[in-house]
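The values are calculated or read from the model by the stated rules, or taken from the named source; none is laboratory data. Just so it is clear, the model here is predicted, and its values are computed rather than measured. Cβ: placed from backbone, ideal geometry, glycine included. Neighbour counts: every protein chain shown.
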Amino acid sequence: MFWFLFSNSVSQQYSFSDNILTSVTLKNGDTILINATDKNAFLHISPHFFFGELTITASSDVDNTTIKAQASQRLQFKYSTIEIVYSSSPALCKVDIFLTNIQTCNEKTIHVRGAKSTTISADHLVVDYNLCYWFDFLTNSSYSFDIDHSNSTFPTVFYKNSQDNFVQEKYDELSVSTLPNMFILRLPAGKYNISQMSFSISRSFGDWTDQSSTFDCWPQDHCGSVKNLFYLTESRGVSWLIWTTLILGLSIPAIIILFCMFSKPAEVILTGASAQPLVTAK
């Protein structure tokens with residue numbers, strides 16, 4: 001027990017400079033250093049409330065920014081060195097990190113989280129920019145593509161494989177039957193000469209309390225103002241929640257009524273001769 005408390009009291013420092021897609025769980029006093037002077041750094045802060053203080057300091061040639069990060073916040077930093085410090089609480093805080101080359105994904109990047117099923121679909125799709133979707137779930141996802149193989153540009157998928165390596169594969173050359181809990185789908189700039197492009201994923205459960213979003217970007221001189229969830233359709237399993245609520249709402253009163261009926265003490269009525277005790281004199 002003493003060793004556990006002592007190990008938890010030792011601060012850790014994490015450092016990233018290569019392309020990576022990962023999660024880091026911080027405890028009090030831990031630090032993350034990210035060298036993104038020639039890269040794009042995308043951050044997703046713990047989706048649930050944390051009690052500590054998460055301070056993010058980003059330094060670049062044009063701006064120095066300090067942010068007190070909040071739960072569920074999505075942040076993007078370009079051409080910066082980033083220091084993330086977690087303090088003031090024994091509770092844990094998780095930070096998801098996607099670090100990539102500047103040209104791979106830009107401000108038109110969408111963080112998709114919580115959906116039970118997701119479809120990216122468009123007619124006569126023309127992409128004038130590299131459009132990226134960062135999928136972030138608790139479990140693996142089944143997937144399907146419906147794209148003409150004659151396209152001159154191919155969607156690609158970035159993910160961390162079972163050997164903990166960051167890999168990039170074309171959509172029709174994926175070596176996995178299910179995609180991991182975090183992965184990136186990238187639609188490179190170009191024209192898709194098809195009537196429709198469709199990519200779908202599904203999972204067993206969704207989180208209706210979560211949402212998908214674009215990223216707030218720093219420094220502002222290098223960012224756009226995109227707030228559109230391009231071509232994205234989602235289902236968060238709200239119907240499952242409604243049915244669960246209805247079933248519980250009807251079953252709980254029924255259980256209470258049955259309990260009251262069967263727990264009531266039986267009433268014994270004595271009539272006739274049996275109503276008087278029988279006494280025998282000697």
Could we say that LYS68 is free of Cβ contacts under 8 Å to residues at least 40 places away in the same chain and in a strand (DSSP E or B) here?
yes
I need a count of the residues in the stretch 87-103 that are at pLDDT below 90 and either of a type in the set (S, T, N, Q) or buried (at least 16 other Cβ atoms within 10 Å of the Cβ) (or both).
3
If you take the residues of the stretch 165-182 that are touching a strand residue (DSSP E or B) at 6+ places or on another chain (Cβ under 9 Å) and charged (D, E, K, R), which of them is farthest from ILE147 (Cα to Cα)?
GLU169
Within the stretch 248-256, does at least one residue satisfy the condition of being at pLDDT 65 or above and within 23 Å of ILE97 (Cα to Cα)?
no
In the stretch 201-223, residue modelled with the lowest pLDDT [restricted to those that are part of a strand (DSSP E or B) and touching an Asp or Glu at 6+ places or on another chain (Cβ under 8 Å)]
TRP218
Can you confirm whether CYS132 is buried (at least 16 other Cβ atoms within 10 Å of the Cβ), assigned by TED's automatic domain parsing to the domain that holds GLN13 and at pLDDT 85 or above?
no
Within the stretch 43-50, is even one residue surrounded by fewer than 16 Cβ atoms within 10 Å (Cβ to Cβ), small (Gly, Ala, Ser) and free of Cβ contacts under 8 Å to residues at least 60 places away in the same chain?
no
Which one of these is over 23 Å from VAL10 (Cβ atoms) and out of contact with any helix residue (DSSP H, G or I) (no Cβ under 6 Å at 6 or more places or on another chain): VAL95, VAL112, VAL85?
VAL112
Test result for THR109, assigned by TED's automatic domain parsing to the domain that holds ASN40 and at pLDDT 85 or above
no
I'd like to know if the stretch 76-86 contains one or more residues that are loosely packed, with under 14 Cβ neighbours inside 10 Å and under 20 Å from THR214 (Cβ atoms).
no
Would it be correct to say that ALA58 is surrounded by 14 or more Cβ atoms within 10 Å (Cβ to Cβ) and over 15 Å from ARG74 (Cα atoms)?
no
